[in-house]
Amino acid sequence: MRVLRGLHTIPADFPGCVATIGNFDGVHLGHQAILKSLRKAAAQQTVPTLVMMFEPQPKEFFAPDVAPPRLANLREKFQDLASYGVDYVLCLPFNQALRSMPAAEFIQQILVDGLKVRHLIVGDDFRFGCDRSGDYQLLQQAGEAAGFLVQDTPTLELDGERVSSTRVRSELASNNLSRVGRLLGRNYCMSGRVAFGRQLGRTLDTPTANVMIKRAKLPLSGVYAVRVYLDDQSSARAGNEYFAVANVGIKPTVAGQPEPSLEVHLFGFKGDLYYQHLTVEFLHKIREEQKFDGLDALQNAIERDKQAAKQYFAAMPNSFRSI
C-alpha cells in the first residue's frame with residue numbers, strides 16, 4: 001500500500017481509482033464491508049483502490065477539546081487498511097484552506113483532476129465542502145457530468161444497531177471487550193515502539209515495557225490481562241507471543257505531568273525490549289486505574305494484578321503453562 005500525503009504526491013501517471021472517503025478509525029466490520037465493495041468495484045474497473053482521509057480529523061480540527069479518542073493511531077490504521085487490500089491512502093491536511101473549499105471545487109480539484117476517480121463509495125449522509133454544503137445528491141450530479149459512478153456505502157448492523165466507531169468507543173468505555181471484538185472482527189489492540197521510561201517497575205520487582213502509543217486521548221483505561229506480539233522474532237518464543245499484564249492510563253500514583261501511557265509486564269520474557277515494536281491485545285479487564293498511597297501500596301496492587309492475570313490465562317484453552 002502506498003500513502004500519499006497531499007495532492008502534490010499523486011503520481012503523474014496515476015491511472016484513476018475507485019475511492020472512498022472517511023476516518024476509518026478502528027477499521028471495524030462496517031469499514032470492512034466498504035472496503036470489500038471498494039475491491040469489487042476496482043476489479044471491475046481494473047484500477048487501484050484508494051481511501052481518502054484527513055489529518056487532523058475534522059472533529060479534532062473544529063473542537064479538539066471534545067473530539068473523541070482515536071481507536072487507532074495512524075500506523076495502526078495504515079496497517080489495517082493495507083491488510084484489507086487498499087492500494088493507496090490519500091491523507092489530506094485538514095486546514096483552513098480545505099475547510100473553506102467550496103463543494104464544487106472539492107469535486108473538481110480533488111476527485112476529478114487529482115484522482116481521476118472512476119467510482120466513488122460514500123454514505124448517503126456524507127457532507128463535504130465549505131459549511132458542509134456538499135452532499136450525496138451533489139456528488140451524483142457531478143458524477144453524471146464528469147463520468148464517474150457514485151455508490152452508497154452498505155449498512156451493517158450487529159444486534160440491531162449500526163456498527164460504527166462511536167459504538168466501539170462506547171463498548172470499550174463500558175468494558176465490553178467481547179462485544180468490541182465482535183464489532184471489529186478481532187480483539188482490540190494498541191501498538192507502539194518501546195522507549196526508555198523511568199524504570200520504576202524494576203524497583204517494584206515488575207519490569208515493564210513503556211510502549212509509545214502516540215495518542216492525546218485514550219479509548220480505554222485500567223489494568224488488563226493482555227497478549228503481546230513482538231516484531232523481533234529472534235527474541236520471541238511460542239509463536240512470537242507473550243501473555244502479560246498491562247496498565248493503560250495516566251499512572252496517577254507516579255509524580256509528574258499526567259499523560260496517556262501504556263506499560264506492559266511480559267510473563268516469562270528475558271531480554272531487551274527497547275526500540276522493539278509491540279502489539280498489545282486486550283483480553284480481560286482486571287480493575288480500574290487508581291491512585292495509591294505510596295509505592296508500597298502500588299507494589300502490593302501490582303502483585304495482585306499479576307496473580308489475577310495469571311489466573312485468567314490459566315483458565316484459557318491452550319494457555320502458556322510457564323507463567
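Heavy-atom accessible surface of Asp293, to the nearest 10 Å², is about 150 Å², with a 1.4 Å probe and all protein chains retained. Taking Ile21, Ile250 and ordering them by how much accessible surface each has at a 1.4 Å probe, largest first, produces Ile250, Ile21. Taking P(r) over Cα pairs in 20 Å bins from 0, in percent as calculated from this structure, the corresponding entry among (1) 32, 59, 10, 0; (2) 29, 50, 20, 1; (3) 30, 52, 15, 3, 0 is (2). Counting Lys and Arg as +1 and Asp and Glu as -1 over every other residue whose Cβ lies under 13 Å from the Cβ of Gly185, the net charge comes to +3. With the whole protein complex present, Met190 retains an accessible surface near 0 Å², based on a 1.4 Å probe.
Heavy atoms only, 1.4 Å probe, whole protein assembly: order Ser174, Ser164 by accessible area, highest first. Don't jump to the answer; show the numbers that get you there.
Numbers: Ser174 70, Ser164 20 Å².
Largest to smallest exposure gives the sequence Ser174, Ser164.
Here is the result for the range 162-196: no trypsin sites (Lys or Arg not before Pro) lie in DSSP coil with at most 12 other C-beta atoms within 10 angstrom of their C-beta. Counting only chymotrypsin sites (Phe, Trp or Tyr not before Pro) that DSSP places in a loop and that have at most 12 other Cβ atoms within 10 Å, the longest clean stretch of the chain runs over 1-195. In order along the range 298-307, the Karplus-derived 3J(HN,Hα) couplings, from 6.51 cos²θ - 1.76 cosθ + 1.60 at θ = phi - 60°, round to 5, 4, 4, 5, 4, 4, 5, 5, 5, 5 Hz, and Gly and Pro are given as x.
Counting only heavy atoms of the protein chains, get the accessible area per residue of the chain (1.4 Å probe) and round it to a whole Å² value. Using a 1.4 Å probe on heavy atoms only, each residue of the chain averages 49 Å². Sorted largest first by accessible area at a 1.4 angstrom probe radius, with every protein chain in place, the residues Asp131, Asp113 fall in the order Asp131, Asp113. Along the chain, the longest continuous region that contains none of the GluC sites (Glu not before Pro) in a DSSP loop with at most 16 other C-beta atoms within 10 Å is 1-287. Ignoring lysines fewer than eight residues from Lys285 along the same chain, the ones with Cα atoms less than 28 angstrom from its Cα are Lys77, Lys214, Lys217, Lys251, Lys270, Lys306, Lys310.
Near Glu60: Cβ cut-off under 13 Å, other residues only, Lys/Arg at +1 and Asp/Glu at -1. The net charge is +2.
Counting protein heavy atoms only, the chain has 49 percent of its accessible area on carbon and sulfur, 1.4 angstrom probe. Straight distance only, please: which aspartates and glutamates reach the Cα of Lys36 with their own Cα at less than 14 Å, same-chain residues fewer than 8 apart left out? Qualifying aspartates and glutamates at Cα under 14 Å: Asp80, Asp87, Asp152.
The DSSP beta bridges internal to the chain are antiparallel in roughly 65% of cases. For Ala103, neighbours were defined as the other residues whose beta-carbon sits under 13 Å from its Cβ, and their charges (Lys and Arg +1, Asp and Glu -1) total 0.
The values are calculated or read from the model by the stated rules, or taken from the named source; none is laboratory data. Everything numeric in this text was worked out from a predicted model, so none of it was measured. FYI the Cβ positions are ideal-geometry reconstructions off the backbone, even for glycines, and counts take in every protein chain you see. Note: accessible area is taken over every heavy atom of the protein model, side chains too, but ligands, DNA and RNA are not part of it. Shrake-Rupley method; radii C 1.70, N 1.55, O 1.52, S 1.80 Å.
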